[in-house]
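Undergrad: Dropping a structure here in structure tokens format, bear with me for questions.
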Amino acid sequence: MKTINKLSFNDIASIPQLVKDFLNQKIEGFENKTFSLDNFSQQIHQKQNSFSPEQRTVLFDVFEKQLSDIKLSSKQKENLEYLKLPDTFTITTGHQLNLFSGPVFFVYKILQTIKTCTYLKENFPDFNFVPVYWMASEDHDFAEINHFKTENNYYETNEKSGGPVGRIEISDIYFISEFEKEFKDSVFGTELILMMKEAYKPGNTLTQAIKILVNRLFSEFGLLILDGDSKELKNQIKGVFKDELLHFSLEKQSKAKVDFLTEKYGKVQVNPREINLFYLSDTRDRIEFNGQKYIIVDKNIQFTEEEILSELENHPEKFSPNALMRPVYQERVLPNLAYIGGNAEIMYWLELKDYFSTINIPFPILIPRNSMLFLKEKILGKIEKLDLKIEDFFQNFTVLTNHKILEDNTILKLLDEKEELLMHNFEELKTSAETTEKSFGNMVKAEEVRQLKSFKRMKKRLLHAEKIKQIELLERLENLFLDVHPGKTWQERVYNFSVFFSDYGYSWLENCFEEMVVQDSKLIIVAI
């Protein structure tokens, strides 16, 4: 494995402009929430003054309880003990409980979280930094997480859903036998199969399955795994939930930021609701207020104000944050400095900064996660033969294809020359026409537009003809694009980690860790 390029997000066409502007500190009010040692120094001071010893005790107890059923490495045990100390902070990433971890970027974001802690320890040796994976165990969209893909197959499980996915007990394990067929002859296939069988034992919940899998992959790195579906943790955010139920504060306090982001960048990633909480029974359902009572949507459950506040006080575990409230919950219960997430996550976190201020929780540093792309030497050789670079595949590929098809085309060169000459001649005519009658000047301008349209039509027809003539080149280009972008999207959003682990085992994880960049957001391209 050899890294051949590290592309800045600024140089990739598909990275949202909002993310680029955030990274380049072009969004007012977020300059101190990007990655820098100065910003981390400020963040340490802020969090140290806002996270109490009592909160640390609760957090330690919850971690100890939740991790009691898995074998911890010495590094994990050390990190767990560090959490009791006032000079210890967390760096966090979160993700859904996708079947067998889902797309491979799940692995990349966790490794970046771990490496960020290593980097911070080197630069702030008087403090401790603990990497945390927050399990999105309360999500209820099972269809989003019940599958994964390899190069050759699609795997899926079917279970009864509707409530928090983390509580679903595994019963359908047909996918394991199919997975075994695909990977039994791979170099590290046996390791993968054992990993899967250990995690997805019938009777395990999806929370247990992901905890077992993630621990198997990252225990030696010291990663701690946290499940937010916890009465003890939710007990610490009751005040925020109460305020949300009574005053709809998140929507009100984030309105200015949402309006600003909408006006400048278009539709926001997630729109706040009046109440950004769900109620957990046998299912997970939205809470709405009809002016008199609190209604649990799609359930025959209603509460008066007094009743719902009593329910919150006595059973905080029955209240579940939505996508926008979850960051608030996380930052309340963790001594957290930074959150590492995908572009979509970063964009909805940006909506929340003003709300964080009103509830006196320090807003964290936000780090758009790195991306990685693993390409076979054979594919890179084909790209080179066509006199292309890998970065060309992350620009507008239609423009690139059209340019390649018409490269060195003598007719196009002649058309370009004549078009330039035409524009020059009309420029002279317009200059003279302006000194004569106005209607004559308008006629000259209209004729220029008409003739230039003819040139555009000719170029379009020429491109169409060349595509037919060079169909083989066009197919080669399209196939190469699919090699780089399987399913016409980024590789990391399609393939499961097993595609790479099956050939390289834990050394692949180590390589990803070594190549991971923490100071900048980049696409790291590796030849295999």
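Undergrad: Of the numbered conditions (1) part of a helix (DSSP H, G or I); (2) within 20 Å of the chain's Cα centre (by Cα); (3) more than 20 Å from L366 (Cβ to Cβ), F148 satisfies every one except a single condition; which is it?
TA: Every listed condition holds for F148 apart from (1).
Undergrad: Keeping to the range 162-192, report how many residues are surrounded by fewer than 17 Cβ atoms within 10 Å (Cβ to Cβ) and touching a helix residue (DSSP H, G or I) at 6+ places or on another chain (Cβ under 6 Å).
TA: 2
Undergrad: Scan the range 266-284 for residues that are over 23 Å from S254 (Cβ atoms) and of a type in the set (D, E, K, R) and jot them down.
TA: In the first step, residues of the range 266-284 are kept if they are over 23 Å from S254 (Cβ atoms); the result is 280-283.
Result: D282, single match.
Yes or no, residue by residue, for (1) within 18 Å of E331 (Cβ to Cβ); (2) surrounded by fewer than 20 Cβ atoms within 10 Å (Cβ to Cβ):
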| site | (1), (2) |
| --- | --- |
| E64 | no, yes |
| Q76 | no, no |
| E81 | no, yes |
| V107 | no, no |
| C117 | yes, no |
| P125 | no, yes |
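Undergrad: Criterion first (part of a helix (DSSP H, G or I), more than 30 Å from K318 (Cα to Cα) and hydrophobic (A, V, I, L, M, F, W, C)) does I212 satisfy it?
TA: Numbers: part of a helix (DSSP H, G or I): yes; more than 30 Å from K318 (Cα to Cα): no; hydrophobic (A, V, I, L, M, F, W, C): yes.
Considered against the rule, which asks whether it is part of a helix (DSSP H, G or I), more than 30 Å from K318 (Cα to Cα) and hydrophobic (A, V, I, L, M, F, W, C), I212 comes out as no.
Undergrad: Looking only at the range 260-281, which residues are surrounded by 19 or more Cβ atoms within 10 Å (Cβ to Cβ) and part of a loop (DSSP other than H, G, I, E, B)?
TA: Scanning the range 260-281 gives V268, Q269, P272, I275, N276.
Undergrad: Counting residues that are under 34 Å from the mean Cα position of the chain (by Cα) and under 30 Å from K257 (Cα atoms), which strands (runs of 3 or more DSSP E) fully inside the range 282-324 reach at least 2? First the steps, then the outcome.
TA: Details: elements: 284-289, 294-296, 301-303, 319-321.
Correct list: 284-289, 294-296, 319-321.
Undergrad: Could you please find all residues in the range 337-353 being charged (D, E, K, R), more than 22 Å from L37 (Cβ to Cβ) and out of contact with any strand residue (DSSP E or B) (no Cβ under 9 Å at 6 or more places or on another chain)?
TA: Here is the first cut: in the range 337-353, the residues charged (D, E, K, R) are 345, 351, 353.
If we keep only those that are more than 22 Å from L37 (Cβ to Cβ) as well, we get 345, 351.
Hit for the range 337-353 is E351, nothing else.
Undergrad: For the structure I just gave you, tell me whether T92 is buried (at least 20 other Cβ atoms within 10 Å of the Cβ) and either of a type in the set (S, T, Y) or outside the structural domain of K109 (by TED's automatic domain parsing) (or both). Let's see the steps before the verdict.
TA: Working: buried (at least 20 other Cβ atoms within 10 Å of the Cβ): yes; either of a type in the set (S, T, Y) or outside the structural domain of K109 (by TED's automatic domain parsing) (or both): yes.
Yes; evaluated as a whole, the condition is true for this residue.
The values are calculated or read from the model by the stated rules, or taken from the named source; none is laboratory data. In this text, all values refer to a predicted model and were calculated from it rather than measured experimentally. A quick note on method: Cβ atoms are made from the backbone with ideal geometry, for glycine too, and the neighbour counts reach across all protein chains shown.
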